[in-house]
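Okay, structure first, notes after.
The values are calculated or read from the model by the stated rules, or taken from the named source; none is laboratory data. The structure displayed is predicted, hence computed values, not measured ones. Virtual Cβ from ideal backbone geometry, glycine too; neighbours counted across all protein chains shown.
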Amino acid sequence: MQNEIEIKLIVSSDITQVINDLSTKQGANLVSQEFCLENIYFDTPDKKLRSWDMGLRIRVNDSHIEQTIKTAGEVIGGLHQRPEYNIDISSKEPNLVLFPQQIWPKDVNVSKLQQELEPLFATNFKRQGKMLVYPDGAVVEMVFDHGEIISGERSVTVCEIELELVKGKPELIFELASALAKKSPMRFGVDSKAARGYMLAKNLQHFATKLDVVTVTSKDTLEQSYIKSINHGLAHWQRHIEIFIEQKDYQAISEIRKGLSLIIKANELYQDYFDGNELKSLTKSLFWLMEKLAFIDDYLRISRLIDSNGSKFKKLDKQREILILLEAEREALADAQSLIDLFMSEKHTQLVSNLMQWLYFKPWQQQSLPSLEKFQTRLLRKQAALFLAQDWELVHKSMPLESDLNYQDYLAQRLNLQHNLQVGLCVGEMFDAQERNDFRAPWDDITQGIDQLLQFEPIKQLLKQDKLIDDGSVKKWLSRKEESLIHAMEQSRKKALKLTPYWID
């Protein structure tokens, strides 16, 4: 068995020369090779292997045939760690009995499983490889794969670099990834070729999804829960980059910002357990990306307004004029290729790399702060209620039950509400799910209500900038809309403030 540690980098063009140039500057002995690989992936019709998080592959390289099975592992950003077993065979049909018996789930009949196997898809690509052997004994395999994944009549392109640590310190492959990112646009890859192949075989694709609660348990320490929160936010961020690139769905950009916000909030919650400088630097970089993507709120607001040919303001005499103006505003806000360039940029790639290394190497464990022991031993269940109560107190004081709130009051509380809900995502799993959802529901409604208030902001801006000339009818229409929304939000708020928080026994 090998414990594979590798980094996957997605590129958009042939970067053979970049790899060659970098390899010669590494002060390492080089072994270069180039060959074509045929890979056939197998599973049962009901996808038993996939359900066990296992992948079975036959690889053909000239006359050499090898079967490989990869078992469940860990992915941190673009860093993949999966135990794998490789065995030479003589045909393109897998032979499961050659693998160690202990890798299979309990009570699996391997002979029966063998009979159920069928080919699902193939990956065929040209591989250009460099084996770098360093003076200190470290060994890294750097390969560039260019080809396609095929399932029936469907296919997708493969254009990626893999950096696999054969021997040595993991820091080395991160250094190589950074050096490559300086020379050519690229991003860390989320999915293996096999994962993409399974999606292709099923004719499926990923869609933008709402950021869900972090999966924490009563046995998790503060450190474990912190790591889970950061990994959760990073995975959501990276998944939605892929969704945007594949589908140009701008809702995915909003979800990227939510993933970033979760990481920033987790850093804030646990900041007392770190030597601040490195964490502050990391958080500052996250805010840089948040700002780069800040346009998305306006973009989605305009999109919702102009959906169905502007039906939301169809009663206005100036409907057609407003629709044309809003479409022009939206067009000026976003350019899909510019966003893809951002996600492939050196700065973005380095940010993801820094976060991956933060999670993988856990540098805080080397600090001498007295709080480190508490961070590593104190259980989250003893701290979760305090985390929630601190943010809740701020919300409660700023939105008192006895007061009536207006438009500006609600806008002023938007960030406070979002922060409180993010704390719930970080630690809410520690409490009863039904009680948590019942408590959060009206606050989610209020947050959505604030978003609905802001959906008319693009029309207000047209009036403010004198791009839309109004005889008073548009302003009256906006006022009625706001009054109706605020009335509904006030009902939800006063109901919500009477609820007992789910973290209170």
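A few points about this structure:
- Only one entry of GLN224, GLN128 meets the criterion of being closer than 30 Å to GLU93 by Cβ and either in a helix (DSSP H, G or I) or touching a helix residue (DSSP H, G or I) at 6+ places or on another chain (Cβ under 7 Å) (or both), and that entry is GLN128.
- Single residue of segment 204-228 satisfying the filter (aliphatic (A, V, I, L, M) and farther than 14 Å from VAL427 by Cβ) that is surrounded by the fewest Cβ atoms within 10 Å (Cβ to Cβ): LEU204
- Some residue of segment 296-312 being modelled with pLDDT of 95 or more and either among the acidic types (Asp, Glu) or under 30 Å from PHE387 (Cβ atoms) (or both): yes
- Residue match in segment 261-281 (condition: closer than 22 Å to PHE188 by Cα, assigned to a helix (DSSP H, G or I), over 14 Å from the mean Cα position of the chain (by Cα) and small (Gly, Ala, Ser)): yes
- Checking each residue in segment 151-174 for being closer than 19 Å to ILE10 by Cβ and either free of Cβ contacts under 8 Å to residues at least 60 places away in the same chain or among the small types (Gly, Ala, Ser) (or both) picks out SER155, VAL156, THR157, VAL158.
- Which listed residue is under 30 Å from ILE263 (Cβ atoms) and out of contact with any helix residue (DSSP H, G or I) (no Cβ under 9 Å at 6 or more places or on another chain), from GLN390, GLN434: GLN434
- Residue tally, condition in contact with a Leu (Cβ under 7 Å, 6 or more places away or on another chain) and closer than 21 Å to GLY197 by Cβ, over segment 125-160: 7
- Residue in segment 368-385 that is of a type in the set (D, E, K, R), closer than 30 Å to PRO170 by Cβ, part of a helix (DSSP H, G or I) and without any contact (Cβ under 8 Å) to a residue 40 or more places away in the chain present: yes
- Filter result (closer than 13 Å to SER225 by Cα and crowded, with 16+ Cβ neighbours inside 10 Å) within segment 367-377: PHE375
- Residues located in segment 391-411, provided they are of a type outside the set (D, E, K, R), assigned to a helix (DSSP H, G or I) and free of Cβ contacts under 8 Å to residues at least 12 places away in the same chain: GLN408
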